[in-house]
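Reading through the structure tokens given below for one structure.
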Amino acid sequence: MAKQYRLGDLVSFEQGVNSARAKKQYGLVDVIYYDQASFEKDYNHEEGFAEEVAKSSFNDYSLNEGDVIISNSLQQATIVGMANAGKVPSINFTKVDFRDATLDKQYFLYLFNNHNSVKRQKEREVQGNIIPKIPIKALNDLIVPVVSMHEQIKIGQIYTDTLKLQTKLNRYSELIEQFTNGVLEKTLQEDKNRE
């Protein structure tokens, strides 16, 4: 049976850096920011998928491979891959720090991205007209079901395996479409040349 927890009791949230104030406020110069393209690359597992990686902090603000990051505009979470380690999250992202071993990272991704109850809670909390986002206070107040660690690992693994498969299927679909279009165009060109 799942116990209900307030998300803020299991994790803490760290807002990304405002690039306009990065140098003045944090002393950051020559920063490579974690942006939407970085998020898409991690979400689609283009560099593989970090299961569990030891932390090796580049600085207080940069991301490590295996960190969990939320896209504020998409209200989706992913795990940072090797290619994006060392980047600093912009203000459009929120880093998730796990307080202890109560919550598995991949299970967190499933809960945050797909669990119906959590999705409904997030929809109620979204604010902003131009770039909708969920305030950190509202993230802390999300109620999530927590099962045994054994079950979390199973659910998290199934979820990430499904995401990987969906990514591969999407890529295959794109390749089939490109191939089909190429064959059809070549056929039309050959017909035109015969006339």
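The values are calculated or read from the model by the stated rules, or taken from the named source; none is laboratory data. No experiment lies behind these values; they were computed from the predicted model shown. No Cβ is skipped: glycine too gets one built from the backbone with ideal geometry, and neighbour counts run over all protein chains shown. Side chains included, ligands, DNA and RNA excluded: accessible areas come from the protein's heavy atoms. Shrake-Rupley method; radii C 1.70, N 1.55, O 1.52, S 1.80 Å.
The set of residues in the stretch 73-88 that are over 19 Å from GLY128 (Cα atoms), open to solvent by 10 Å² or more (accessible area, probe 1.4 Å) and either out of contact with any helix residue (DSSP H, G or I) (no Cβ under 9 Å at 6 or more places or on another chain) or not in a loop (DSSP other than H, G, I, E, B) (or both) comprises MET82, ALA83, ALA85, GLY86.
A Cβ distance below 8 Å, combined with a sequence gap of six or more or placement on separate chains, defines the contacts here; from the stretch 109-134, residues that are in contact (Cβ under 8 Å) with a residue 40 or more places away in the chain reach residues that are assigned to a helix (DSSP H, G or I) and open to solvent by 40 Å² or more (accessible area, probe 1.4 Å) in the pairs TYR110/ILE155; ILE134/GLU125. Looking only at residues of the stretch 45-72 that are farther than 19 Å from GLN152 by Cβ and open to solvent by less than 50 Å² (accessible area, probe 1.4 Å), we find that the one that is modelled with the highest pLDDT is ILE69. Candidates in the stretch 18-42 are the residues that are at pLDDT below 85 and open to solvent by less than 60 Å² (accessible area, probe 1.4 Å); of these, the one that is farthest from THR167 (Cα to Cα) is GLY27. Residue check: ASP100 meets all listed conditions (1) of a type outside the set (Gly, Ala, Ser); (2) modelled with pLDDT of 95 or more; (3) out of contact with any strand residue (DSSP E or B) (no Cβ under 7 Å at 6 or more places or on another chain) but one, namely (2).
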